[in-house]
Each structure stands twice: as C-alpha cells, then as structure tokens.
4 protein chains.
Amino acid sequence: MKVGIIGGSGYTGGELLRLLANHPNAEIVAVTSRKFKGKSIGVVHPHLSAISDLSFEDLPTSEVAKRSDVVFTAVPHKAAMGYVPDLLAQNVKVVDLSADYRLAPAIYESTYETTHTDQARKATYGLPELHRAEIKRSDLVANPGCFPTGAILAAAPLVKAAKAERIVFDSKTGISGAGMMPSDVTHYPNVAENVAPYEVTTHRHLPEIKQELALLGKCKIHFTPHIIPSVRGILTTAHIFVKETLTSEDALELYEDMYASEPFMRILETMPSLSAVRGSNFCDIGCFDVEGDRVVVISAIDNMVKGASGQAIQNMNLMFGLGEKSGLWAPGMAP
Amino acid sequence: MKVGIIGGSGYTGGELLRLLANHPNAEIVAVTSRKFKGKSIGVVHPHLSAISDLSFEDLPTSEVAKRSDVVFTAVPHKAAMGYVPDLLAQNVKVVDLSADYRLAPAIYESTYETTHTDQARKATYGLPELHRAEIKRSDLVANPGCFPTGAILAAAPLVKAAKAERIVFDSKTGISGAGMMPSDVTHYPNVAENVAPYEVTTHRHLPEIKQELALLGKCKIHFTPHIIPSVRGILTTAHIFVKETLTSEDALELYEDMYASEPFMRILETMPSLSAVRGSNFCDIGCFDVEGDRVVVISAIDNMVKGASGQAIQNMNLMFGLGEKSGLWAPGMAP
Amino acid sequence: MKVGIIGGSGYTGGELLRLLANHPNAEIVAVTSRKFKGKSIGVVHPHLSAISDLSFEDLPTSEVAKRSDVVFTAVPHKAAMGYVPDLLAQNVKVVDLSADYRLAPAIYESTYETTHTDQARKATYGLPELHRAEIKRSDLVANPGCFPTGAILAAAPLVKAAKAERIVFDSKTGISGAGMMPSDVTHYPNVAENVAPYEVTTHRHLPEIKQELALLGKCKIHFTPHIIPSVRGILTTAHIFVKETLTSEDALELYEDMYASEPFMRILETMPSLSAVRGSNFCDIGCFDVEGDRVVVISAIDNMVKGASGQAIQNMNLMFGLGEKSGLWAPGMAP
Amino acid sequence: MKVGIIGGSGYTGGELLRLLANHPNAEIVAVTSRKFKGKSIGVVHPHLSAISDLSFEDLPTSEVAKRSDVVFTAVPHKAAMGYVPDLLAQNVKVVDLSADYRLAPAIYESTYETTHTDQARKATYGLPELHRAEIKRSDLVANPGCFPTGAILAAAPLVKAAKAERIVFDSKTGISGAGMMPSDVTHYPNVAENVAPYEVTTHRHLPEIKQELALLGKCKIHFTPHIIPSVRGILTTAHIFVKETLTSEDALELYEDMYASEPFMRILETMPSLSAVRGSNFCDIGCFDVEGDRVVVISAIDNMVKGASGQAIQNMNLMFGLGEKSGLWAPGMAP
C-alpha cells in the first residue's frame, strides 16, 4: 500500500515515519515539508538515519494524491481542511491527525475560533474501540486528540453502563504534545522539576471528550491537563463519581467486558505507567479503587503513538482491511 | 535560643539544618543520629560542609532536653511518641515533624495501624494560617503533613465561606517526600519520564485533610497523590465543587481576605509552579478558573520547607515570640 | 530458532524479551527467574503485557539447554561461568551478557577480584565490527560491556590507522546500567539534576577497552565514566591525541572507510545524541573536530541495546547465519 | 550600599535579586528592563513575589549611576561595553557579568568576532581566589565566565606548582547557562534524557581559561562542554596530565594549601556533586584519583551563583571592604 504524509517534519510526522518503517504493507511514497524540502529525512530526524533513504519534498496535493493509496495529514488544525477535500476528490483515503474533522462543525468553530471551510464533509472519529465498524467503511478518519484518547477509554465502560454521574479527568502529559517549536512552555528550566496546569477549564480537547462520551451515556464531564517533566506519555486520573456505589470488582468487570477483544487495550493488575506504554500503541488501564461514590480509573498512553501516529496507523489498517495490529505490535520501551 | 534536633540525618533533618544555618536566633546544640554518630554533618550532608562544624551524636533524650530550649523530632511516626513525653517532662518545647500528634488518637490508630502510647497529650496542629494563636501558647506542636499543608490552604477560604460541597484534591509531589532510603518507588528509572499515582483513595494524609477542613465547614473530601519526576515540591489541583456558582473574582476575594496578612501565603496573578516556591517557605495560590459548579484552585509548596522543616521553624518562631519570618524570609530558587 | 534466557527478570533480560518479540526467527522457549518463578512476564515487565504470554520458570540448566538452540545468559558476572560449561556441553550456542568471558583469565581475575573457574574455555569477544568472522564460527560469544562498545567504536579507526597516541574516554551514561536494584546510586534525588563521576580511574571496563584497542594498535588509554540524569544511553566523548595532526576530513574518511559496510554504524552529519539511538541497535558516530593534536570523536549508543541485549541478538544472528539486521532493524525513538 | 542592576529580567539578573534579597548591606535602588518596564519584579520572577516590591524601570545609564554606589551590568556581551564607560565616569563601581572586560582586547575581538569599543579600560578579572588584592582596589571587575570559574579552580594548584603538562577539561553544564530565551538547544525534548556536546573545541570560554592559567604556569589546555539534563550547575572533570607522577595525597595537599583560607572553596572527602552546591556560592573540589600520569580533579559549582551572580556579589563585597561572605553564606540546597 502506498502511503503519503503531508507534513513530515514535525513530531507526529516523524512518529509516522518511525512506525511505518516496520509496517509490512506500507511503502512511503511521499513526505512533504516546505521548510526541509530536499533534505534527507535522516538529517531532520537523525533517529531515522540509515532506516529511511527518503527526502522531504514540497509537492502539490494532487501529486501526493496521485502517488498514494492513503495520505496522513500531519499538519496543524486549520491547515488540514485545506488539503483534505482535494485528496478525497482524487479517491485517496485520508487519516487526518489534526482537529479539523473531529467535532461537529459548530462546536469546532467555537472551540478553535475559526471558520470551518468543509462543513458538509462526513468523517469518522477514529477511536477504533468505539467506532471500528464505521472506520472500516470510511474514506476520511479524524484521528482523535491525545487527551481524548486516554480520557474516553478510561471512562467509556462506566459511562456506557450508565453508572457514571460526573467525571473529573485530571491528566498529566509529557511535553512532546506541545510540538517541535521551542517556546516558554517547552523551555527546559520551565518544565524540569515542575508541573504546569494549563487551560484548566477550557482546553480544546474538552468538547471532544464530551462529544464522544455523550454517545455512550449522560454524564457531567470535567477536564484539567498538566504538563509534567516527561517527553512522552499521558497518564489520566479519572475521578468517576457514580450514581450508586459499586465495588472495584464490579468496575473491573465492566472494563474487561468492554475491552475483552481489543488488541491495544490492556487491563493491568499493576498501576499503569508511562514507561509500560512508551513507544507503543497500547492504552493501559488500571486501579479501580473505590471510595464512597468515587471510582478512580487510571489510563496511560503514549501521546505520540496511541494518542496520535500509532492510532492513525491502526485506523489505516482498519480502512484497508489489514490486520489491525499490523506494524504496531511492539511492546512499550521500559525502562 | 538553643535548638536540638532528634533525627538529623534524613531529609527533614538536613533541611532543618539548612534553614537554621541562617536563623538569627537559633543555635543548634545537639543533632542526633545513631547511624552516623561521630560523623561530621558535612560528610553526611555535603551541602552543609563548611557551613556547619557540628557532628552527629547518639544522645539520651534527657541530654538533648538539657541542652535545648526547643527540640525538633524529625523521626518516623511511631518513633516520635517515644521521645516527646520525656522532652516535655524536662520543660522543653517540641515541634514534632512526624504524624504522631496530628490526629485524634482513635483516627491515628486506625490510620497508622498502631497503638498510640501518649493519647492524653494535647498538641496543636501547626498550621499557622489556621491555628496561630494556639501555636503561640503551645509546648507541643504537631507539624502538618506535606500534602495536608498544600491541600488545606488551597481550599480553606471556600470551605470556611460555606461555598464548597465536594473537593477532589489531585496532588503531584516530588519524590523527596519518600525519604532518603532507596526503594523501587525512588529508583530513578521508575520515576523519570513517568508519573505514579499511589494510595489513590487511602493515603494517610486524607484523615488529616478531613480533620482540619471539618473545623472550617462541612464538605466532602477526596484526595489522590501522584509522584512526578521532581525532587521537591507539591502542586495540588483542587477541583472544588460549589453549592452555588460563583465567579473567579468572588473566589479570589475570599482567598485575598483570608490570607491578607499571612506572611507566607502568596496569591499569584500567574499560575503557581514548583520553581517559584523551591527552597522557600511560601505557599503560592492561584488559578481560580470557574466552569459551571467547579472552581479550580492551584497551590504550590516546597514539601521540604512549608511542607515540613520550614513550617516547623515557623512554628518555633511563633512558640517563642520571635518574628514569624525569622530565618525563613528567603525567595524561592528559580530557575 | 529456539531461544532460552537464563535470568530474564532484570533489565537486560527484559530488553532481550522486548527485542526478540519481533524477531522473525526466534521463538522463546524458556525464561528463568528464581525470584519470579511462576509469574507471568507481563506482571514483572508490564511493558511486555499482552505481547508475551510466557511465565518465568526456575529450571535446571540442562532443561534450558534441552529446549534451546541458543541461550542468553543474562546473569551477573561470576554467576555466568556457572552456567556456560553445562550449556555448551549440551551443544547449545551461548551468548553471555556478563563479563565472565570477555577478558583474558588473569586480567579477569584481578579486575573482578575472583577466581575464574572456566579458564580454558575459548570465547569470542562479540563486537561484530571487529570480530565478525570469528563470531560466525563461535559457540560462545562474550557480549561486550556497554562502555567498551561505545568507546572502542569511537576510536578504532584512528587506532587502527596508527594515528592515535593517547585517548581520554570521558563517558556519560544513563542510570539503567546500574540495574534494577534500588541503591543510593539510583535514588532519584541523587541522580536528577546532577552528574556523578565514579570509578574515575578504576572502572572494570577499562581493561576491556584496552584489550580490544591493543589488537588494533598501540595507544595510551584513559577512561572515566559519569552517570547523568537519563535512563538509557551512553555518550562517549573521545579526546584522541594524535601523533601527527590531521584534518577533520582525514579523520572522517578513516571512519567512513572502516564502517562503510557496517549495518549498525551511522556516521552522522549532526552531533550524536542519546535520543537518536534510544531503543535501537545503532552506534552513532560524529563530530571529528580537531584542535591541534586533539581530535574529538563522539559516539552514542543505547546501553541496553547496542550496549547489551541488541548486540547479543546481533551476535546470535551471526552465529546462526541469519541476516545480521534480523529483528534489530528499528529506528531510535525520538523525541 | 546602594545597588543598581542593568538588565534585571534575565536569569543572572533574577539571581542577583534573589541573592541580594538577604544581603545585610545592599539596598537595590534600580533594576532596569526595557521589555518589562513598569512591571513588578514578582510578576516577571514569581519566586521573588512578596520578597521584593520593586518594579523594572527603563532608565538612562546616568540615572542608574546617580542612584547607585555599585552597578551590576547583567546584559549580553557587546552590550555591556556600551554602559560601563558612562557608569565609571560617574564614579560608580561596576561588576560586569558579561564577557566584555575579561580578555585582552585582541583576544576578545577574535573570540567574540566584534570590535571592542573600550580597549584602553583596565578591568580586574574577578576570580577572588586568584586576584583578591586587585579586586579590592578595582572600580571595574570583569566577572568570570561560568566554565572558567569551575575549570580554573579545578586546576590552579597543579598548574601553579608546575606539575601539569596538559589538561583536558570535560565539563557538564545545566541548561540555565543558555539563558531565558527558548531555542532548539533549550527545548525540553532535546535536553531531557540526553547529553549534548557543543562547541567541542571552540567554546568562547577556552581563551579565558587559557589566559588565567597562563598566569600561574605553562600548560596545554583543552576544553569541551556538554549540556546535561539539569537546570543549574557545572561539574568539570579535569583530566590533568602531569610531568612527573605524584600521589593523590600530594595532589590533595597542593589544593588544601592553596585554598586553605578561601571561604568558598570546599575540598570534599566525598565526590563533588551539583546538589551540594546548588543555589550556593561554593566551589567544591574533590577526587584526586591518580592513574599513571593522569590526575583527575572534579569541581562543582552552581553556574548561576559562583559561576555568575554570587561571584559578582563576592566581588562587590571585596570592592567595598565588606565581609567577603556577606549575603552569600548559605548552604547548597540538597536534595
């Protein structure tokens, strides 16, 4: 299968290249970057040196489409909707890693404070654990945000079972989610030995979490992200308040039932940790401690993999009828 | 004033020595350690080399009492109550940094799963912002736990004003709170690039937080701690659910009012951070974002200073009628 | 090919399991651990959960040998030489990850202050870049130490060309090299925001570096290791003093010539970094800056992969006539 | 004594403010910043909130001079020599934290690739351990660079005793030396879990190290810096090659003799570490291991304190006849 990547020089682009390097069915035929046009991939992403002999190109969208069966758009929100219509018009399937097609247009416009220029388009929210069947039939998959992936998966079984009344998602993320561009937020002395709450009640991923959990059941949703001194990973502490108290065993059973045949969901006996999922496409779930009407569920993902490029490949696998685990069946890297 | 320290080789003992080195009224007359008996302080705590020319001694309690006006007991819980009665019997004032005198005896016994051998003793909970007057009159002050200090101060104004109905304290702590003894929990590969929730519903500091907030008002309290990759510091995200919605300005005003004349409380315009309080006795408070019935308040302390040894010295200052800021009026160390 | 692992619960054992999980020719048939006997691998190494359904066994050596074509001994030095003779006697090939067979027996005994109980045994030093042909013919390969791998490869071309007179290897290593057992050395507050020189002139890897470079040419060798706040990786700064000054281009050419067909050696245009090799079997080499009679060459490896388990698998591939890159052709994980 | 600071918003300016906050003889009368003009110091440097009630001003040099007895110029090189002549013309003493007056003008011009506009000016190199007497008589002190401070002090006794023939300084620095401005170099994912050699043979501090050691004796000097994942601190490994072998005891004695009455030099029995000096003005020296003709000496400083602002205050104390330890006699902050 021929794969194009629009926007290959950033972190999610690099991660697509890293993961696809060992995908048995994928051949990368185009990687675009205006800034690094003509440079070999191994110079921009030294970890890919010797592995990939491709170079970045500055290509028209039509040329990317012509070469490809599937295109990953790994560009910022607002930019993606500039590429997607043209790609689809050329009968290419698209996995969009931006936020542009995740939300209902009206909610998108208020959340991202911009006009959506492709409102009529139908896309599938690419969380396979909730939407596998639709993903398989889709030409356009909106790859979920990193926080929503961890949060939704941490709560879905209790919401779906109509047990949850209110959830406080308190998430701790590595800094790679802020991207490759240096800023005060990513400045080492500001991150190291620190923890930084931000957009405490207003993060753009909140509407996405609400939208998807609302499909499963009614529940009040709160979300507060924090940056911790880590490059990769998101650990989400879901404080789930339930209507009627239940035991840890009850809760665990709901999760085991819902995720029984999910290849990338691991219900752990031990506490989830960032190191167990680092570099992998797994979402680890654990804890289930109960105190009165509060159940605590912990999820851990690699924000770059299950939270972005790995899940994008999982979606590609589904869209093309490949084995869902294809190219993704690697353990986390610990320690 | 003559100061004795029982248990001077651990982190809180070292921090007492670091802070007292510049206290204008304190002269350290005894520092005990069985393990390091005879060793100079600068060999065990190299950062104190040249600053202190004391050596550790293995002394009977009576000898420490004889030399001292005030004694800090910087030993583990259970051990402290073996020293305190003898010290008080010799008319020495005591600041106990352990948990032994913080809780009502019955709650102590169930929480710490041990027998309290000195149940009749009256101690004052040493949080000056709540109990300053009693501290001034006390011979025995139970120095608060690190998490309770940050959590109580983050919520007290809203609880006292009868606004809060339920609070989820989601705390992120540096690893120094786990002490000087290596373990799996403190092993660098387990801490770095990770975040570790622990005792998610059952941490021993929960009854302490509940006890103190109950003095101010009625409110449901939840508490979940996490270890982040930092040596020092606790940042607490207080998700405070209120009975009737209020504005950020309303909330801020309650905090400014309650803490107006508190020397070590800083209400910040910017987001609290561990670096701003690092090494200092300040408790920084900020955020006050409101979303429906949730108000988010963030507090930051140095767990070793305001969360332990600094607050102990603040208590000593109050017990002896010294300036409350004496020896403690230092900025945080940033970056 | 059937693979046994003696000592699978430590870091190098876990790394063997991680890497072999995707090796197309390897089937793991036995993983021993006394301590974790009966436990599933995913409980001890949560990152391997779902990937491996094996459990640890406490097996007699003969049973491991019976099941296996090749056995990795991932046990401490002194212990390995207790297993190797029995394994070889049963016609199993062995890659020993300990130090037991790396050095001439007399040097081993003085370096490791113990008696070598299997002195007559012939083993091949498993650095493919120097000993590929012998490795292919060997039944017993002594897998190199982590520091020697990075140091020898950083200097070999200049030593072989008889240019080098004296080398100061100043190495910076992640803490995982200290193993899984917590100690003062691995205690987070001692590692974070610090750098720790140790065994500054006496590290046990020095004789190994000297032995191998002596095969290539005459040169004075110095070596000083430091622990930096990183989990994985070794960056070695080789300060190479040359007999006659040469240019950067001259130096570079020697390296490109010697390593031209080496699959895991990458001569980078950019400065080597730990992140580019993290999790991979590459040894990156770069810099070549010249200042008078000093040439600076920088190497970077992942101490757990090219410095241990990855190189062990590379050796296995060679010993069995498999593709040398088999199971190892993965990029580093950056960021 | 009235103190002015030109350039108070960066890291060295913030550190001057932090340290001077507790200086018994210093009153800060002016802190300039164009960018933050009118902002209170506590908003720009939250750790100084409540401690300082000053605000940044955008003042003409003459006004700063008028208010001050001493002025610290904490501005980049090239900028400093624009302020210094005017300040001195108004009979103010100056400690310049930039590189502008450290080197002989010709060497300055080639090193910093710029024209020196104040070449006739006589300044004293402000390393008290080498130039105390001259500093006391000076109106203009050029505060040493951070690397030179650690390197020179690590080698001075052996160079002065004419024992050293060649020295390789391999330094490991925290990232705060790169300043407050975010860049690729300070981007958290590039620093964390990594180590970055840079300007491996060409760092601008090399001529400074050479100039000062040349005053003590003849010796070949090499210097290579590395950035490690730490905010503060420089640890320098001095590989000192000696003309005739000597013992560790011989070496130690030279250091003890030279530094016997130096208040901020600590010769440690244990290995120097960044944590023991963190936040303090100490330079810790240790190791002295000998291997053939190589003696290894390790020094540790806080680059922001002894490597910059602390040493600047030490110089001020000397220039004004104050106690040298005034305002600086604080222990390091460990852990």
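The values are calculated or read from the model by the stated rules, or taken from the named source; none is laboratory data. None of these values were measured; they are calculated from a predicted model. Ideal geometry is used to build each Cβ from the backbone, glycine not excepted, and the neighbour counts take in all protein chains shown. Areas reflect the complete protein model, heavy atoms only, side chains present, ligands, DNA and RNA absent. Shrake-Rupley method; radii C 1.70, N 1.55, O 1.52, S 1.80 Å.
Dipole of chain D, Cα-centred, from +1 at each Lys and Arg C-beta and -1 at each Asp and Glu C-beta, to the nearest 20 debye?
The dipole magnitude comes to about 760 debye.
Tell me, what is the FRET efficiency for B:Glu262 and B:Ala214 to the nearest 0.05, using R0 = 25 angstrom and their Cβ-Cβ distance as r?
0.75
State the answer as a single residue: which of B:Ala30, B:Tyr101, B:Gly82 lies farthest towards the positive end of the charge dipole of region B:2-122, with beta carbon charges of +1 for Lys and Arg and -1 for Asp and Glu, about the Cα centre.
Positive-end residue among those listed: B:Ala30.
Work out the mean other chain Cβ neighbour count within 10 Å for the residues of C:248-256 and drop it here as an integer.
That works out to 0 on average.
Shape verdict for region C:2-122, please, from the Cα gyration tensor: rounded (a/c under 1.5), prolate (a/b greater than b/c) or oblate.
prolate
Using heavy-atom solvent-accessible surface (probe 1.4 Å) with all chains present, what is the largest-first order of D:Arg18, B:Arg34, A:Arg67?
So the residues, ranked largest to smallest area, are B:Arg34, A:Arg67, D:Arg18.
Buried by at least 10 Å² relative to the chain on its own: which residues of region B:37-68 qualify, computing accessible area with a 1.4 Å probe on protein heavy atoms?
When all protein chains are present, B:Val43, B:Pro46, B:His47, B:Ser49, B:Ala50, B:Ile51 each give up 10 Å² or more of accessible surface.
Report the local net charge at C:Met271: Lys and Arg +1, Asp and Glu -1, summed over other residues whose C-beta lies under 14 Å from its C-beta.
-3
Using protein chains only and a probe of 1.4 angstrom, how many square angstrom of C:Arg132 are accessible, to the nearest 10?
Surface open to solvent at C:Arg132 totals about 50 Å².
Over region B:2-122, calculate the relative contact order: mean separation of alpha carbon pairs under 8 Å at least 6 apart, over the residue count, as a percent.
The normalised contact order for region B:2-122 reaches 24 percent.
Rank D:Ser183, C:Ser138 by accessible area, highest first, at a 1.4 Å probe radius?
Descending order: D:Ser183, C:Ser138.
Suppose you put the label 7 Å out from Cα in the Cβ direction; list, shortest first and in nm with one decimal, how far B:Gly323 is from each other copy's label.
1.6, 7.3, 7.5
Would you jot down the residues in region C:288-302 that end up with at least 50 Å² less accessible area in the complete protein assembly than in the chain alone, with a 1.4 Å probe?
C:Glu291, C:Arg294
Add +1 for every Lys or Arg and -1 for every Asp or Glu among the other residues with Cβ under 10 Å from the Cβ of A:Ala156, and state the total.
Combined, the nearby Lys, Arg, Asp and Glu give -1.
Which of these, A:Val231, A:Val31, A:Val71, has the largest mean-square fluctuation under a Gaussian network model of chain A (Cα springs below 10 Å)?
A:Val231
Can you give the accessible area buried between chains C and A, summed over both chains, with a 1.4 Å probe, in Å² to the nearest 100?
2800 Å²
Can you bin the protein assembly as shown into rounded, prolate or oblate? Criterion: square roots of the alpha carbon gyration tensor eigenvalues sorted a ≥ b ≥ c, rounded for a/c under 1.5, prolate for a/b above b/c, oblate for the rest.
rounded
Hey, can you find the accessible area per residue of region D:2-122 for me, probe 1.4 Å, expressed in square angstrom?
Result: 42 Å² of accessible area for each residue.
With r as the distance between the Cβ atoms of D:Tyr198 and A:Ala89 and R0 = 51 Å, compute the FRET efficiency 1/(1 + (r/R0)^6) and round to 0.05.
0.60
When all protein chains stay in place, what accessible area (Å², nearest 10, 1.4 Å probe) is found for A:Phe288?
Surface accessible to solvent at A:Phe288 totals approximately 10 Å².
For region A:219-335, which whole-number percentage of the solvent-accessible area (1.4 Å probe, protein heavy atoms only) is attributable to carbon and sulfur atoms?
Within region A:219-335, the accessible surface is 48 percent carbon and sulfur.
I'd like to know which of C:Thr202, C:Gly13, C:Ile167 lies farthest towards the positive end of the charge dipole of chain C, counting +1 on Cβ of Lys and Arg and -1 on Cβ of Asp and Glu.
In chain C, that residue is C:Gly13.
I need the shape label for region B:125-253. Rule: rounded when a/c is under 1.5, else prolate if a/b > b/c, else oblate, with a, b, c from the alpha carbon gyration tensor.
Cα axes put region B:125-253 in the oblate bin.
Placing the label point 7 Å from Cα along the Cα-to-Cβ direction, what are the distances from B:Ala214 to the equivalent spots in the other copies, shortest first, in nm to one decimal?
With the label placed 7 Å along Cα→Cβ, B:Ala214 yields 4.1, 7.4, 7.5 nm.
Could you name the lysines whose alpha carbon sits less than 21 Å from that of A:Lys136, not counting residues in the same chain fewer than 8 places away?
A:Lys2, A:Lys93, A:Lys122, A:Lys306, A:Lys325
Compute the label-point distances linking A:Val185 to its equivalents in the other copies; points lie 7 Å from Cα along Cα→Cβ; give nm, one decimal, shortest first.
Ordered by distance, the counterparts are at 2.4, 3.3, 4.0 nm.
How much accessible area does D:Asp86 have with a 1.4 Å probe, in Å² rounded to the nearest 10?
Probe radius 1.4 Å; accessible area of D:Asp86 about 80 Å².
What accessible area per residue, rounded to a whole number of Å², is obtained for region B:206-321 using a probe radius of 1.4 Å?
27 Å²
Mind listing, in residue-number order, the residues in region B:320-335 that have at least 30 Å² less accessible area with every protein chain present than in their own chain alone (1.4 Å probe)?
Buried-area filter returns B:Trp329, B:Pro331, B:Met333, B:Ala334, B:Pro335.
Nearest 5 percent is fine: what portion of the DSSP beta bridges confined to region D:146-303 is antiparallel?
Antiparallel bridges make up about 70 percent of those DSSP assigns within region D:146-303.
Using only the heavy atoms of the protein chains and a 1.4 Å probe, how would B:Val44, C:Val185, C:Val95 rank by accessible area, largest first?
C:Val185, B:Val44, C:Val95
Could you check what % of the DSSP bridge pairs in region A:1-116 are antiparallel, to the nearest 5?
Roughly 5 percent of the beta bridges in region A:1-116 run antiparallel, per DSSP.
Dipole magnitude of region B:2-122 about its Cα centre, charges +1 at Lys/Arg Cβ and -1 at Asp/Glu Cβ only, in debye to the nearest 20?
100 debye
Percent relative contact order of chain B, based on C-alpha pairs within less than 8 angstrom and at least six residues apart?
Result for chain B is 18 percent.
In debye, nearest 20: dipole of region D:146-303 around its Cα centre with unit charges on the Cβ of K, R (+) and D, E (-)?
Here the size comes out at about 480 debye.
In nm, to one decimal, how far is the A:Glu113 label point from the D:Thr117 one, both placed 7 Å along Cα→Cβ?
4.1 nm
Of the beta bridges DSSP finds with both residues in the protein assembly as shown, what % are antiparallel, to the nearest 5?
Bridges in the protein assembly as shown that DSSP calls antiparallel: roughly 50 percent.
Normalise the Cα radius of gyration of chain A by 2.2 N^0.38 Å (N = residues in it) and let me know the number.
Cα Rg divided by the expected 2.2 N^0.38 Å: 0.96.
I need the calculated FRET efficiency for the pair D:Ala79 and D:Lys325, taking r as the beta carbon distance and R₀ as 30 Å, to the nearest 0.05.
Using R0 = 30 Å, I get an efficiency of 0.45.
Among residues other than B:Asp250 whose Cβ falls under 15 Å from its Cβ, what is the net charge (Lys/Arg +1, Asp/Glu -1)?
Local net charge: -4.
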